[in-house]
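What follows is a single structure, written as structure tokens, with notes after it.
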Amino acid sequence: MIKKTLKTEIEIYDGLNELSKQHQDLMQQALEVRHNAYAPYSKFKVGAAILLDNGKVVTGSNQENASYPSGLCAERTAIYWAGANYPNAKIVSIAICASSIQQENQEPIPPCGACRQAIAEYEQKQDTPISIFFMGIKGKVVKVNALADILPLAFDNKYLQF
């Protein structure tokens, strides 16, 4: 038997004002696009803003559908739009904010498992890490330097090669 230890390192900021100006702006765009979410069923709105290496910012919000699981999370809405419209650009950073419309979450809310897997695909495709910032509607912000920090054993294309 071999026993291995996986290590994850995160940074926790007390608020947006502790982030660089660039990441404050990115998170502000995620906060703003969150208002465009269509979340009549979950009452949980999410906004995501993606900074590309060409300087463009792509945003997305969650879009639900009465026929679950036909909806799409904010992160995947944005990442797929970026991939379709800027196929050669690398994703530098993703900012995510999420909160219930019934109660303002102040605890940082990370991407769901499906979104982590989608981000992992792009991180593997571009062979460079994607920094991820996430928060509730206000309060603390968590940063991870790469998706691999929050999904260390990601499924990837090497398992599909025979």
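Within segment 90-118, if we keep just the residues that are surrounded by 18 or more Cβ atoms within 10 Å (Cβ to Cβ) and among the aliphatic types (A, V, I, L, M), the residue that is nearest to residue 156 (Cα to Cα) turns out to be 118.
Considering only residues of segment 42-62 that are assigned to a loop (DSSP other than H, G, I, E, B) and touching a Phe, Trp or Tyr at 6+ places or on another chain (Cβ under 8 Å), which is nearest to residue 98 (Cα to Cα)? Top of the filtered list is 62. For segment 1-17, what are the residues that are outside any loop (DSSP other than H, G, I, E, B) and either out of contact with any helix residue (DSSP H, G or I) (no Cβ under 9 Å at 6 or more places or on another chain) or among the hydrophobic types (A, V, I, L, M, F, W, C) (or both)? If the condition is that a residue be outside any loop (DSSP other than H, G, I, E, B) and either out of contact with any helix residue (DSSP H, G or I) (no Cβ under 9 Å at 6 or more places or on another chain) or among the hydrophobic types (A, V, I, L, M, F, W, C) (or both), then 10, 11, 12, 13, 16 are the ones that fit. Residue pairs whose Cβ atoms lie under 8 Å apart, sitting 6 or more positions apart in sequence or on different chains, and linking a residue in segment 5-21 that is surrounded by 10 or more Cβ atoms within 10 Å (Cβ to Cβ) to a partner that is at pLDDT 95 or above and of a type in the set (Ser, Thr, Tyr), are 19/13. Assess whether residue 102 counts as being more than 25 Å from residue 10 (Cα to Cα) and at pLDDT below 95. Yes, satisfied. Hey, does segment 50-71 have a residue that's within 17 Å of residue 120 (Cβ to Cβ), open to solvent by 30 Å² or more (accessible area, probe 1.4 Å) and touching a residue at least 24 places away in the same chain (Cβ under 8 Å)? The answer is no; no qualifying residue exists.
The values are calculated or read from the model by the stated rules, or taken from the named source; none is laboratory data. Keep in mind that what you see is a predicted model, and the values were worked out from it rather than measured. Virtual Cβ from ideal backbone geometry, glycine too; neighbours counted across all protein chains shown. In case anyone asks, the SASA skips ligands and DNA or RNA and just uses the protein heavy atoms, side chains included. Shrake-Rupley method; radii C 1.70, N 1.55, O 1.52, S 1.80 Å.
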